[in-house]
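Single-structure report; data block below.
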Amino acid sequence: MIRRGASTSLDGLLSASSTNSPLSRVDVAYRGKHQSIWLKLEMHNPTGSIKYRTALGLLSALHRERPLGRSEWLIESSSGNLGVALAEIAGEAGWRFLAVVDPKTPQTLRSRMLGAGAELAMVDTVDDCGGYLLSRLDTVRRLLRESPSLRWTDQYHSTAGSAVHQTSTVPELMRQTGGLVDAVFVAVSTGGTIAGISEGLRRFVPGLDVYAVDVVGSIAVDGAGHPHLLTGIGATRRSTLLRPSHYTRLYRVADVEAIAMCRLFRHGTGLGLGASSGAVLAGLVRALADGVAPARPVLISPDGEDSYLATVYADDWLASRGVLPSVEAAEARARNDGLTFTPH
Ligand SMILES: Cc1ncc(COP(=O)(O)O)c(C=O)c1O
């Protein structure tokens, strides 16, 4: 179920005005220095993640191209959050939705898609980079050939998924900061979020520094691919939405660093964030180590802890993946550097 705020009329359902996620200030201490940061908490969107905005943008574009009729079938490949957003909006609007997912899609998110009336196609062929994305896309294309009436929102190529940030996230950030933001840190997967926020916010703040954060093993931005643990962030294909001009600098963080940041952040603030937020915090710490000291940095936190309780926050899961010692070592290194997070 869409949690709150959204109207059930079609215009209301597809309106970006149903978003207004809070900006929360946190104080960071690191190597004897102090830095305030602002987190844009996208867990407060109606479907629990930033992909609610993406879903609105993608669906509105499809609807403008040719109105979506009742009982029409939509299809999308998703690692979880977009699938939930599309499933819950489609469920309210009376459209049918087929989500192409993989074994890394968190069980909680799969259950939510099913609960909203979606059907799931599970893909379990590992692609050349050790992930499932390319196999999911092969499956979407095969299903589109077999059933041409399916309508694909296509988060990987549609610019509507990034443009929506210019009419929702960016005006919110401008209102919330009074334009006094000088850096943003954004996790990358399709590249839609960072492209939209960068293009939109730099219109108002031309000197804005945009820090892209990806995980080691992902080829979303560049580099060579190999398996990684986290879901939501990273990709086993290059982003077609992100251009080098969109970002100042890329920070590539290891899974274990992102997980350690999630755990330290929850320990210090009581707030549980998703894995991509941990990666973005790790990117910020790298920037601080490089001597970057923005006056008002905003970190985009795509989602909360809910779908990571059985993974990122579960010692037995980390042990079963053989990474518990390295997560604990990363936490210990950060503590030795005096890293703390405190609510402002
Ligand atoms: C958990 C998570 N991480 C990262 C991202 C960034 O993804 P993208 O580059 O596809 O916009 C998103 C969604 O926007 C997300 O939900």
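At-a-glance table
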read-out	value
Only one of Val140, Val186 that is out of contact with any Pro (no Cβ under 8 Å at 6 or more places or on another chain), within 22 Å of Leu109 (Cβ to Cβ) and either in a strand (DSSP E or B) or modelled with pLDDT under 95 (or both)	Val186
Qualifying positions in the range 194-231 - closer than 20 Å to Thr54 by Cβ and assigned to a loop (DSSP other than H, G, I, E, B)	Ser218, Ala220, Val221, Leu230, Thr231
Single condition Asn20 does not satisfy, out of (1) at pLDDT below 95; (2) open to solvent by less than 10 Å² (accessible area, probe 1.4 Å)	(2)
Conditions (1) open to solvent by less than 40 Å² (accessible area, probe 1.4 Å); (2) over 30 Å from Thr19 (Cβ atoms); (3) part of a helix (DSSP H, G or I); number of the one not met by Ala287	(2)
Members of the range 209-260 that are basic (Lys, Arg) and either open to solvent by less than 40 Å² (accessible area, probe 1.4 Å) or touching a Leu at 6+ places or on another chain (Cβ under 8 Å) (or both)	Arg237
Subset of the range 67-87 (residues that are at pLDDT 95 or above and open to solvent by 10 Å² or more (accessible area, probe 1.4 Å))	Trp73, Asn81
Unique residue being within 19 Å of Thr248 (Cα to Cα) and within 12 Å of the ligand (Cβ to nearest atom) when the list is Ala220, Ala183	Ala220
Flag if Leu180 is in a helix (DSSP H, G or I) and under 23 Å from Asn20 (Cβ atoms)	no
Residue tally, condition within 13 Å of the ligand (Cβ to nearest atom) and among the hydrophobic types (A, V, I, L, M, F, W, C), over the range 262-280	5
Single residue of Thr177, Thr108, Thr139 found to be away from the ligand (no atom under 16 Å from the Cβ) and not assigned by TED's automatic domain parsing to the domain that holds Ser276	Thr139
Residue count for the range 312-344, restricted to those that are assigned by TED's automatic domain parsing to the domain that holds Ala287 and not in a helix (DSSP H, G or I)	6
Residues satisfying the stated conditions in the range 141-162, i.e. within 21 Å of the chain's Cα centre (by Cα) and either surrounded by 19 or more Cβ atoms within 10 Å (Cβ to Cβ) or of a type outside the set (Ser, Thr, Tyr) (or both)	Trp152, Thr153, Asp154, Gln155, Tyr156, His157, Ser158, Ala160, Gly161, Ser162
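The values are calculated or read from the model by the stated rules, or taken from the named source; none is laboratory data. Since we're looking at a predicted model, the values are computed, not measured. Cβ atoms come from the backbone with ideal geometry, glycine included; neighbour counts cover every protein chain shown. Please note that ligands, DNA and RNA were not included when accessible areas were found on the heavy atoms of the full protein model with its side chains. Shrake-Rupley method; radii C 1.70, N 1.55, O 1.52, S 1.80 Å.
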